[in-house]
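The values are calculated or read from the model by the stated rules, or taken from the named source; none is laboratory data. Given the structure is predicted, the values throughout are model-derived calculations rather than measurements. Cβ placement follows ideal geometry from the backbone for every residue including glycine, while neighbour counts extend to all protein chains displayed. Quick note on the areas: whole protein, heavy atoms, side chains included, nothing else; ligands and nucleic acids left out. Shrake-Rupley method; radii C 1.70, N 1.55, O 1.52, S 1.80 Å.
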Amino acid sequence: PHQLFDPRNSLLSVMFDKDRSLFPAEEFSTVESLQLLESVGLQTKIDKDTFLKCAWIVEEEEDVVKAKVLLEYFAENFGEFYDNNQEFIQNLSQVRCVPAENDGEGTALYRFCDIAAPKDRHLCFRVMPVLLSSCAPPQVMFSRLEIVSPPPISVVLHQVRDLTEDEGSLDHWTYKHGSAEQVFSAIFSFLQDNFSDLSPRVKEVISERHIVPVGSSFVKASRLFFRLAKDLAPFFYEVPRAFGAYDVLLRQLGVRDSPKSGDYAISLVELKREIGAAKLNANELNSVIEVVNIAASEHQQSSDLSNEGIHAPDQSGRLISVRDLTQNDRPWLVHSGRIDVDLIHLVHPKLSKEMCNKLQIKSTSQKVIEVLDDDFILTKCQVSTKYAGVIHMLRNDIFADILHSLVPRDSGFEFRADAMKQFSVEEVEEIRTRFIIFDDSGNNAIDVTNKRAIEGPLCFIDKDIILLARLPIGLTPELAIATALCDKFHVQREHVAGIAAVLSSRTSHVPEVKKTMGLFEDQNNGELLRGEPGQPLVVTDLNLTEIKPLKTFKQGEIVAVPESDDSPELIYGTVSEIQDSAPMTRLRICVGVGMEKIFLSSQVYSLRGGSRSEEPSAHRQTHMVDVSRIDSTLLRQSSNVNESTLEDTMQQGRAEMTDVKKEEVLTAVQDLLKSADLSLNDDAQKMMDSNLALKEQLSLKMHEIKSLEKKSNKLSKQVLKGIDAFLCPITRDPMEDPVICCDGHTYEREAIEMWLRNNSRSPKTNQPLPSRELIPNHALRSSIEAMVELQEALKSFAGDS
């Protein structure tokens, strides 16, 4: 009987179901018979040898059902097998009898040393089979069975690589045991604890990989921020709340608090590198426009003139470097099919003209030149006198003045009235032209003419000859010539009808035609450019200028400065930096897009408040500035900033702002007195020199005091920063109401309560929480309050000093 098994033991019945000879014969299967056999040696319990036999049967038959029954019995009765005898455990660990799930392949049998524990499922389910939870032995036996928990770093990194292989999308997430956020919360917790063990190369690879799940996509850490003012996906994302507890790891991977200057341009370059020549979808396009707008504003405020790193969408939705983009200010060339749009990158219509100007994107009128086709021979018609009236008007000074007044100030076009004196009109059979576009250097040209275009222009101005082709019915020569003149002199085409009316009228009727057709300079041009750095002062502001060397200027304040050292003409500028020094300061003034120059405050004209100006009256004396005493050349007509005076500064980078020396103050005072026909005598000069020396000494002492204040403030900020125990693991802010959770860690009450509403695991260890009870940590709270009082004392010291 000692060689027979008790059929009442369910495990034995299942394991040896194919060999009934191991059980008593059927006539001895009654309860009385089995009890009798038990008394004489029938095996009713499972010893270690019998258990190993069962394991070998499972391995031989590859029966997953039997494996589950066997391992569940082992888990429930592990005490019977837990002793100092290593031979049994070693033999069992090498038997392929452990049921484990392999992601996507169902359940199969493995050895203990080849599987992962259920609690580590999220860390390795893609690369290792995971033991079924019901079959898991107690953790105290893991090491004896050669179960490695948690899995090695190499296994977790392999899991990360497999999960993020399709780095662009999470649309096909099929893992049934948890969401992407739950899986990566476990991975981030593991990596945060073991990050110091990774090699620099591995850390770099992880940082460059799209590893953080956000929505339906994986995102690179460098595109994540803890705080974002607006949604800028797919460029920048806010860190999901689920990953807030892993800020230490995320910061090491490249996550920052908020975007800094330059991040926007870099993100555009990275997106271009990822998508190549692909077109943006509607969501991506809107986000790109938003980011380009921010990058453009930053570029305008920067002293770096290079816009090489900024990309923007062209009209087809492809990302193109702004150096290669062109504003479409002549849409009729595109609509007529005369320009090959595949050879020229026109900006997307959603990019405003203001945005393009900030990015210094040139327009078609600036980059594209129309020239006569050298391969086409003009066929001239018979000489006719029917254009004599038009030619007479073209050469008239009145017409030249009208045309000049219509040229926009900001076009940069230099109008020469004398050139119109030579204009003549020649009628030809047909006109053929080509369109040439130059790069930024002006040395390389590309022919962007649409070779498939059938028709050429009806009128073209070649130097001083106006070529006029045969016109279709309904189109007059005056309209054709007026259109060509508008394109030649950068006049808006809305004035074509008015110019044509002038060309067809007599000189005596021009004033009436001009008035009727509204051929006047836009009086708002000056006001639109008013205050823009580098633009000339309008009369209103010129009357409000005043010099106040001791004035306290504000950053961003609009001022007036001389255009150059040799020119008294005043242009607008904005204060970009103020030297924190003596009463007379040194100012960095923005005088154009990306152009800055340093001035003494005695050289800068401030604008007196218009609200304080008195109304002119015949009954009392006014104190307005006498314009006649100011050089009339200050009211200049050109809008081009003289950049040669800034060349050295811009080529060498941003110049340092040194302290104002007393010699410079004396020179400034003497210059101011000289302008009023006054001067300093020797005694006054010595007294002022002595006074300035004392002020310099006082200024040095003030610098020392401010240095002490900065050190004190820095120390007070570091007091709490360096003590990690005072920071909540969830919010990473100093705790005000610390409480202890059942995982043994302390959290801010409000943060952990919010966490527990939606989670049943520890935010620190990711282990299940047996209880949601929170216990106040009074000792830690007292320590934090004492440290806060110390910090306040340091701040008070800084303020008193």
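Worth a mention:
- Within segment 1-18, restricting attention to residues that are at pLDDT 75 or above and charged (D, E, K, R), the residue that is farthest from Lys53 (Cα to Cα) is Arg8.
- Within segment 54-74, residues that are within 11 Å of Leu11 (Cβ to Cβ) reach partners that are assigned to a helix (DSSP H, G or I) and of a type in the set (S, T, N, Q) with beta carbons closer than 6 Å, at six or more positions or on different chains, in the pairs Glu72/Ser134.
- Counted residues, segment 37-49 - those being farther than 17 Å from Glu72 by Cβ and either surrounded by 16 or more Cβ atoms within 10 Å (Cβ to Cβ) or within 60 Å of the chain's Cα centre (by Cα) (or both): 4
- Single match in Leu71, Leu12, Leu52, Leu34 (criterion: farther than 30 Å from Pro138 by Cα and surrounded by 13 or more Cβ atoms within 10 Å (Cβ to Cβ)): Leu34
- Matching option when the condition is in contact with a Ser or Thr (Cβ under 8 Å, 6 or more places away or on another chain), among the β-branched types (Val, Ile, Thr) and more than 21 Å from Ile320 (Cβ to Cβ), among Val390, Val368, Val347: Val390
- Of the set (1) open to solvent by 10 Å² or more (accessible area, probe 1.4 Å); (2) in contact with an Asp or Glu (Cβ under 8 Å, 6 or more places away or on another chain), all apply to Gly106 but (2).
- Residue match in segment 148-169 (condition: open to solvent by 30 Å² or more (accessible area, probe 1.4 Å) and under 15 Å from Val98 (Cβ atoms)): yes
- A search for C-beta distances below 6 Å between a residue of segment 729-743 that is on the phi > 0 side of the Ramachandran plot and any residue that is modelled with pLDDT of 90 or more and of a type outside the set (Ser, Thr, Tyr), counting only pairs 6+ apart in sequence or on different chains, returns Arg732/Asp247.
- Number of the exception - Ala67 against (1) out of contact with any strand residue (DSSP E or B) (no Cβ under 7 Å at 6 or more places or on another chain); (2) under 22 Å from Cys135 (Cβ atoms); (3) part of a helix (DSSP H, G or I); (4) not aromatic (Phe, Trp, Tyr): (1)
- Here the condition is being out of contact with any Pro (no Cβ under 6 Å at 6 or more places or on another chain), polar (S, T, N, Q) and at pLDDT 85 or above; of Ser707, Ser782, Ser716, it holds for Ser782 alone.
- Restricting segment 237-248 to residues that are touching a strand residue (DSSP E or B) at 6+ places or on another chain (Cβ under 8 Å) and touching a residue at least 40 places away in the same chain (Cβ under 8 Å), the residue that is farthest from Cys728 (Cα to Cα): Pro240
- Considering each residue of segment 758-772 in turn, at least one proves to be part of a helix (DSSP H, G or I), within 36 Å of the chain's Cα centre (by Cα) and at pLDDT below 85.
- Check on Arg323, open to solvent by 70 Å² or more (accessible area, probe 1.4 Å) and in contact with an Asp or Glu (Cβ under 7 Å, 6 or more places away or on another chain): yes
- Set Val368, Val347: member being closer than 25 Å to His311 by Cα, at pLDDT 85 or above and in contact with a Phe, Trp or Tyr (Cβ under 7 Å, 6 or more places away or on another chain): Val368
For every residue, the table says whether it meets (1) in contact with an Asp or Glu (Cβ under 6 Å, 6 or more places away or on another chain); (2) free of Cβ contacts under 8 Å to residues at least 60 places away in the same chain; (3) not in a strand (DSSP E or B).
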position: Val202; (1), (2), (3): no, yes, yes
position: Leu228; (1), (2), (3): yes, yes, yes
position: Leu250; (1), (2), (3): no, no, yes
position: Tyr264; (1), (2), (3): no, yes, yes
position: Ser267; (1), (2), (3): no, yes, yes
position: Glu284; (1), (2), (3): no, yes, yes
position: Ile294; (1), (2), (3): no, yes, yes
position: Ser297; (1), (2), (3): no, no, yes
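- Options His177, His172; residue that is open to solvent by 40 Å² or more (accessible area, probe 1.4 Å), in contact (Cβ under 8 Å) with a residue 12 or more places away in the chain and assigned to a loop (DSSP other than H, G, I, E, B): His177
- Just one of the listed residues (Arg96, Arg121) is touching a helix residue (DSSP H, G or I) at 6+ places or on another chain (Cβ under 9 Å), closer than 27 Å to Val202 by Cα and surrounded by fewer than 21 Cβ atoms within 10 Å (Cβ to Cβ), and it is Arg121.
- Residue pairs whose Cβ atoms lie under 8 Å apart, sitting 6 or more positions apart in sequence or on different chains, and linking a residue in segment 481-495 that is within 16 Å of Ile369 (Cα to Cα) and outside any loop (DSSP other than H, G, I, E, B) to a partner that is among the small types (Gly, Ala, Ser) and open to solvent by less than 50 Å² (accessible area, probe 1.4 Å), are Asp487/Ser365.
- Just one of the listed residues (Pro562, Pro568, Pro583) is open to solvent by 60 Å² or more (accessible area, probe 1.4 Å), part of a strand (DSSP E or B) and either modelled with pLDDT of 90 or more or touching a helix residue (DSSP H, G or I) at 6+ places or on another chain (Cβ under 9 Å) (or both), and it is Pro568.
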